[in-house]
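**Student:** This is the structure I want to talk about, given as structure tokens.
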Amino acid sequence: MSGTLNKVMLIGHTGDEVKMHYFEGGSCIGRFPLATNDSYVNKSTGERVNTTEWHNIVVRNKAAEICEKYLNKGDKVYIEGRLKTRKWQDEQGKDRYSTEIQCTDFTFLTPKNENQPSEHKPQNTPQTNTPATSNSQEVSSNSPATEDDDLPF
């Protein structure tokens, strides 16, 4: 393989609101922590152990504005992006490193029933539930009829 790959996919819960930073020229970035959980059984004690890993998510420009508008603390979200390590200096002049997820794609997984304006509620519910039900009913009820009509003899 001649190329390399730097890809991260996470599903987790936001640990805080999106913090926005605006720059000259109109660009912006949003930052928020994302928690992913893991659980396993300790073989020596037989106990279930739960661990939480925190990830620093960075979203840019229009995507950052969308995240700021719709993401709240505790929301579940799918994040896709790449790892980026930044080097910076603290107050004492010591070099520090920070690893972040540079988000390239995301999907909100928490339903927004109460936070969305009322005009969005009717549109989301029927589109996700009604078409699948009506299509499956139409296919099952129309299939025998269309087979009889399409027969060449």
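**Student:** Against the condition surrounded by 10 or more Cβ atoms within 10 Å (Cβ to Cβ), over 12 Å from the mean Cα position of the chain (by Cα) and β-branched (V, I, T), how does V8 come out, does it pass?
**Tutor:** Taking the combined requirement at face value, the residue does not satisfy it.
**Student:** With respect to the numbered conditions (1) over 19 Å from the mean Cα position of the chain (by Cα); (2) hydrophobic (A, V, I, L, M, F, W, C); (3) surrounded by 12 or more Cβ atoms within 10 Å (Cβ to Cβ), which one is the sole condition not fulfilled by F23?
**Tutor:** (3)
**Student:** Further, regarding this structure: Report, by residue number, each residue of region 64-75 that is surrounded by fewer than 15 Cβ atoms within 10 Å (Cβ to Cβ) and outside any loop (DSSP other than H, G, I, E, B).
**Tutor:** K69
**Student:** Still on this structure, I have one more. For region 94-113, does any single residue satisfy the condition of being on the phi > 0 side of the Ramachandran plot and in the same structural domain as N6 (by TED's automatic domain parsing)?
**Tutor:** No, region 94-113 contains no residue that is on the phi > 0 side of the Ramachandran plot and in the same structural domain as N6 (by TED's automatic domain parsing).
**Student:** Evaluate region 24-47: report whether one residue or more is in contact with a Pro (Cβ under 7 Å, 6 or more places away or on another chain) and either without any contact (Cβ under 8 Å) to a residue 40 or more places away in the chain or not hydroxyl-bearing (S, T, Y) (or both).
**Tutor:** No, because not a single residue in region 24-47 is in contact with a Pro (Cβ under 7 Å, 6 or more places away or on another chain) and either without any contact (Cβ under 8 Å) to a residue 40 or more places away in the chain or not hydroxyl-bearing (S, T, Y) (or both).
**Student:** Show the residue pairs that are 6+ apart or on different chains and have beta-carbon atoms under 6 Å apart, the first residue being within region 93-110 and of a type outside the set (S, T, N, Q), the second being assigned to a loop (DSSP other than H, G, I, E, B) and at pLDDT below 95.
**Tutor:** So the pair list comes out as R96/D90.
**Student:** Give region 22-59 a look and list any residue that's touching a His at 6+ places or on another chain (Cβ under 8 Å) and either among the hydroxyl-bearing types (S, T, Y) or in a loop (DSSP other than H, G, I, E, B) (or both), or say none.
**Tutor:** The answer is T36, and nothing else.
**Student:** Looking at (1) at pLDDT 50 or above; (2) out of contact with any His (no Cβ under 8 Å at 6 or more places or on another chain); (3) surrounded by 10 or more Cβ atoms within 10 Å (Cβ to Cβ), which is the one condition that is false for Q92?
**Tutor:** With respect to (1) at pLDDT 50 or above; (2) out of contact with any His (no Cβ under 8 Å at 6 or more places or on another chain); (3) surrounded by 10 or more Cβ atoms within 10 Å (Cβ to Cβ), Q92 is out only on (3).
The values are calculated or read from the model by the stated rules, or taken from the named source; none is laboratory data. Being a predicted model, the structure only gives us computed values, none of them experimental. Methodologically, a virtual Cβ is constructed for each residue, glycine included, from the backbone with ideal geometry; neighbour enumeration extends over all protein chains shown.
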